[in-house]
Structure formats: structure tokens, C-alpha cells
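S.K.: Have a look at this one.
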Amino acid sequence: DATALAERVAGTWIAANGPRPGTVLAVSDQSAYYAGGTWSMLPYTLRSDVALAYVREKKPRYLVLDRALIDERPYIAQWLASGVPDARAQLVFTAGNPHAPDVAVYRWYGSARPLSRAGPFALSGSIR
């Protein structure tokens, strides 16, 4: 299934490229499993600001946003299109179409993120 593959790609990238995974906040537990991290579920809410308050409270190491799950978490569509609206979130990986990724991984920094503005690593093409 496309969701499982997208989450596996995200989790594998985290395991290979990031600091130790810690908490991975996502709808599905698959990315945390492949990253070797601890899974915490993104909240169900219709409001982006409520979801963001939850993320701030949880202080994850990573957020994984999967386009296939936007029906379950409506704010994911907004965050995939415009980015996570917090300076502590840094886009570090995308897979799929660069303008409309199938999956996006954000590194979450507890306070301010580093000044480096290096772009995300990306895989082009579709996840199948």
C-alpha cells in the first residue's frame, strides 16, 4: 500500500540521516518503526492551530506528514502545501513531486532551529 511505502521511505531516511530518532509524530506508526524511534500520533482536529499546539507540547524529534492520510488529519494538506507554521519546524526530506510531496519529514527543534537554511533532501518521482 502507498501509505506504508511512503512511511517506510520516511522512516528509513530518518534512520540513515538524522540524529537519533527520539519521538516521531505521525498519523501512522510505520515511519517511527523504520526510523527506530518512538511513535506518537498526530492529533485528530480540524484546526491547524490546535494541532500545532499539540506538536509544541509533545516536542517530537520529527514530524512525518503523509499526503495519503489528509482525510484523517485535514491540517496535513495545509502543512504539505505551505509548511508547518512554526520556526521550530525545518523541512529536511520530501519524497514524490517536489511541489506536492507524497511525504514530508520535518525536524523539530525544541527552541530555535539552527540558522542553516539548506534545502530538504528530496526524491523525485512518485512513491509506488
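The values are calculated or read from the model by the stated rules, or taken from the named source; none is laboratory data. All values derive from a computational prediction rather than experimental measurement. Every residue, glycine among them, receives a Cβ derived from its backbone with ideal geometry; neighbour counts consider all protein chains shown. Surface accessibility is based on the protein's heavy atoms, side chains included, excluding ligands, DNA and RNA. Shrake-Rupley method; radii C 1.70, N 1.55, O 1.52, S 1.80 Å.
S.K.: Could you please tell me which pairs satisfy a Cβ distance under 9 Å, a separation of 6+ or placement on different chains, a first residue in region 70-82 that is more than 10 Å from VAL27 (Cβ to Cβ), and a second residue that is assigned to a helix (DSSP H, G or I) and of a type in the set (Val, Ile, Thr)?
M.R.: So the pair list comes out as TYR75/VAL50.
S.K.: Of the numbered conditions (1) under 20 Å from ARG88 (Cα atoms); (2) touching a Ser or Thr at 6+ places or on another chain (Cβ under 8 Å); (3) in contact (Cβ under 8 Å) with a residue 40 or more places away in the chain, GLU7 fails exactly one; give the number of that condition.
M.R.: (1) is the only condition that GLU7 fails.
S.K.: Quick one: TRP39 ticks every box in (1) of a type outside the set (Ser, Thr, Tyr); (2) open to solvent by 60 Å² or more (accessible area, probe 1.4 Å); (3) in a helix (DSSP H, G or I); (4) at pLDDT 95 or above bar one, so which box is it?
M.R.: Condition (3) is where TRP39 drops out.
S.K.: Out of LEU25, LEU46, LEU52, I need the residue that is part of a loop (DSSP other than H, G, I, E, B) and either more than 19 Å from ALA89 (Cβ to Cβ) or at pLDDT 95 or above (or both). Which one?
M.R.: Testing whether each residue is part of a loop (DSSP other than H, G, I, E, B) and either more than 19 Å from ALA89 (Cβ to Cβ) or at pLDDT 95 or above (or both) leaves just LEU46.
S.K.: Taking only region 62-96 into account, find how many residues are in a helix (DSSP H, G or I), open to solvent by less than 20 Å² (accessible area, probe 1.4 Å) and among the hydroxyl-bearing types (Ser, Thr, Tyr).
M.R.: Total meeting the criteria: 1.
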